[in-house]
Structures are given as structure tokens and as C-alpha cells.
Amino acid sequence: MVITQQGIIGLIILLASAEFLWDYWLSSRQLKFLLKKNFPSLASPSDHGSFPDSADSYLYSSQKIKLGQLRSLFSYLLFLFWVPWGGLKMFEEFWKTTALPEIWSGCCFILSILWVDDLLRVIFSAWRTFGIESRFGFNRTSPMLFLFDQLSHWILSVVLLFPLLLSFLWVKENFLFWWLYCWGIWIATLFLVEWILPVWIIPLFYRLKPLEDKELQSQIDNIFKKNGFPIHQIYIMEGSKRSLHSNAFLTGFGRHRRIILYDTLISQLKKEELIAVLFHELAHYRLGHLWKSRLFAILGGLSLFCILAIVDSHKNWISGFHLDPREPASTLAVAIVLFPLLAYPFEPLKNWMLRKAEKESDAFAAIKWAAEPLIEALKKIVTTNYLTYDSDPLYSLFYESHPSVFERIRWIEHISVHGGGSQTLSSQH
């Protein structure tokens, strides 16, 4: 069966409309779910006491969801601008009128699409930062600092993306199996960015300093060495300059591997709880979660370039987007616009893998350290960040990479009773 240009565009618009309506319905389900859970006091599913007043948590979460609904609407309208309303054609024709060589004008064409998409992100990020985050007392970012962050982000995107796109377009013009070579460049870029992220990129935005508590540093070093984790440094990130939210994460590659703790997290947790959080991060390394995430990103890149190859082999499809199929950048432009649309149905699979990794890391921390400090750390993080304690299951399936706090606490308690998690490593205390 031959698919006409009008048929393929109509099918894409139908799919985009269905995903937009599905997204709105799911977020509305979550709002109703949170409203039912908005009790003055929300008891823990265990004997660990109760969470504080959930009213602020409900209001904070509901306002973020409503803002997300508005952003989804504008994202949908932007998609319509790109595809049926001729936005892609408008941008392509503009860059073709410049005196730039074909490959350079094509690169600028792709970057301009990405920048317009990112401009939408910036607008809603400012709305959230100076609206919702300020209203609930989390924001510490000044307008000048926000502007500096965005300008730095755009400059960095040019430095990283321009040579990457140039290499893609050059390879596409000169090799038969260009999409495989582009995939190889994609893989190399992923590892390069992960390698330089903690050394050059994060310090552009945040001040990093070594952990000043030498006793705690020595205790952590001993724990990690005994568990076979070759960590080179633990850094404290000055996140409080921008927000009072707290977090911890493992980043970097090879000898540049780092564990980074927000300074707000240090001030919120006791030492035993902080070490429990670090054991959770350690588990992501020991259990191979980092390599699984890399594999997922690599396969995601392969799927993108497969879409590119399929689109490129159907020149009439490219013409259906009102683009010149002879232009090397046209195929990439279509794939960039379509990829989020085609990737959306796979979100439940991605989130299932991430939630599974989180539960495995919680079990590791409960067994290798102790369950009680980990539970208390989770409760403090949720309370101080106004996170939701539970979520609508269907909404969580599509949008949440972590299990709910209730689910995690039940899991940790189950592990502590049935999986040996009540035992601590006395030699490491």
C-alpha cells in the first residue's frame, strides 16, 4: 500500500492530537488523585510516624501539573506550527537565502528548530521559577542569574551541537550507510559529554567544593573502598544559590567519576541518613544501572537514526512536510520533530526500568547500611521538597521515574524483614 503525502501528514497530526489529549487526561487524573489524598496529616504506611501537613505538598504539586498542562498545549501548538502550518518550510527557506554553504545553512536550520523548542522551555521555566517556586519559598535565583544560566546554556549548545550537526550532515552526504556512522558519532559524543560533565560543564553553573567534614569524608571513603567503588571525590554543590530543593547524584565517567551532594541535603540529613543516601547512589554503580542507562541512550540514538534512514528513503514524505528532499538537513529536521512523538509510547518501559533500578538501589542501601536511616532520609527529602507521597498508578507509569515514597518505604521494610536489610555492616559504622 502506497501512503500519500497527505495521508502521512494526517496520520502524524492525528497521533500528536491523541497524545496531547492523553497527556491532559492523565494529568487531570493525577490532580483528582492528589485532591483525594489532601488530608491534614498523612500517615506513613509503617510505624515510622507520619508525614507533616500535606496541604502545601498538594498545592505545590497541583500547580506544577497545571503549568505542565499549559506547556503541553503550547508544545502541541508548536508541533502544528512546524508540520501542517509550514513552520519547517519557513525556516528552511530563510536559511537557504543566506550566503552560507549548504552544509552550514543546514546546520543553522536544525539549530534554529532546537532553539525555538528551547525558547518554550525557558518561558515556562521562568514561570515556574519566579511563580511557583518563589510562591512556595524554594526559589533563590535572581533574574540576572536566571538570564546568565540561559545564555550559558545556549552558548554551550552551540559549542557542542554545531560540530555534531556538521559531522552528521557531512557523513550523510558522503557515505552510503551514513546513519550507522552517525550512530557511532552519537555514541562517542555521549561518552565525551559524560566524561566532561563534572569537570567543565557543571562548574559553569554551580560552585563545587570538597566535603569539609573530614571525619565524614574518611568514613565514606572507607565504606566505598570496602564496597569496591573507585570514587575519586565527593563534592558539595552550592545548589542553595538557585533553589532550596535538595538532591544527590552520581555523575562522570572513568577517573572523572564524582558523587555530588547538594549543600541543602547536607543541612537536612543526619550523618547516618546521608550515608544511607550515598549507599543508594553507590548501588547504581555496583548494580550496573549506569551502563543500563547508557545502553538505553545508545539504543535510543539507534532508533532515531533508523527513523532518519526510513524518512530519507521516502523522499515524498519529506516533500509532505513542505521541505526540499534534496537538502541534507531536511531529513534530520523531520526526524527531530517526529522523534518525541514516536518515543512517547515507550515512556512506560523507560520509567519501569528506572523504578526497578531505584528499588534495587534502596534494597542495596538497606542491606549494606540500614533500613531506618534510609527511610528517615526519604521522608525528610519528600517533606522538605514538597513532593507527593503517592501518585495515580497510570500517571506514574508515564511520567514518574521513581516509585512513590509509600511504595519505597514498604519495599525497604520488606527487605529489612525478609531480605536481611535489618543487618548493618558494623565494621563500616
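Quick look at the numbers
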read-out: Long-range Cα-Cα pairs in the stretch 66-152 (distance over 15 Å), rounded percent; value: 67 percent
read-out: Loop sites in the stretch 163-231: chymotrypsin sites (Phe, Trp or Tyr not before Pro), DSSP, at most 14 other Cβ within 10 Å; value: F175, F177
read-out: Computed E for W22/W195 - FRET, C-beta separation, R0 22 angstrom, nearest 0.05; value: 0.05
read-out: Residues whose placed amide H lies under 5 Å from that of R140, excluding near-sequence neighbours; value: S243, L244
read-out: Separation in nanometres of the label points that stand 7 Å from Cα toward Cβ, at K36 and L176; value: 6.0 nm
read-out: Two-site label geometry, R294 and L208: point separation in nm, points 7 Å out along Cα→Cβ; value: 1.7 nm
read-out: Principal-axis tilt of helix 214-226 within the chain, Cα atoms, nearest 10 degrees; value: 70 degrees
read-out: Subset of K214/K270; K36/K350; K66/K359; K209/K359; K225/K356 violating a 24 Å alpha-carbon distance limit; value: K36/K350; K66/K359; K209/K359; K225/K356
read-out: Helix 347-368 vs. the chain, principal-axis angle (Cα, 0 to 90°, nearest 10); value: 20 degrees
read-out: Beta bridges per DSSP with both ends in the chain, % antiparallel, nearest 5; value: 65 percent
read-out: Accessible carbon and sulfur surface of the chain relative to its total accessible area, %, 1.4 Å; value: 66 percent
read-out: Farthest positive-ward along the chain dipole, Cα basis, beta-carbon charges - from F224, P198, A248; value: F224
read-out: Helix 405-418 axis, angle to the chain major axis (alpha carbon atoms, nearest 10°); value: 50 degrees
read-out: Whether the stretch 100-222 is rounded, prolate or oblate, judged on the alpha carbon gyration tensor where a/c under 1.5 counts as rounded; value: oblate
read-out: Relative contact order of the chain, defined on C-alpha pairs under 8 angstrom at six or more residues apart (%); value: 19 percent
read-out: The stretch 211-318: trypsin sites (Lys or Arg not before Pro) falling in loop per DSSP and having at most 14 other Cβ within 10 Å; value: K270
read-out: Sum of side-chain charges, T251 neighbourhood, beta-carbon under 15 Å (Lys, Arg +1; Asp, Glu -1); value: +2
read-out: Inter-label distance for Q69 and E347, nm, one decimal - labels placed 7 Å from Cα along Cα-to-Cβ; value: 1.5 nm
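The values are calculated or read from the model by the stated rules, or taken from the named source; none is laboratory data. A quick note: this is a predicted structure, and the numbers were derived from the prediction, not measured. For neighbour counting, all protein chains shown are included, and Cβ atoms are generated from backbone atoms with ideal geometry for every residue, glycine included. Just so you know, the surface numbers come from the protein's heavy atoms only, side chains and all, with ligands and any DNA or RNA stripped out. Shrake-Rupley method; radii C 1.70, N 1.55, O 1.52, S 1.80 Å.
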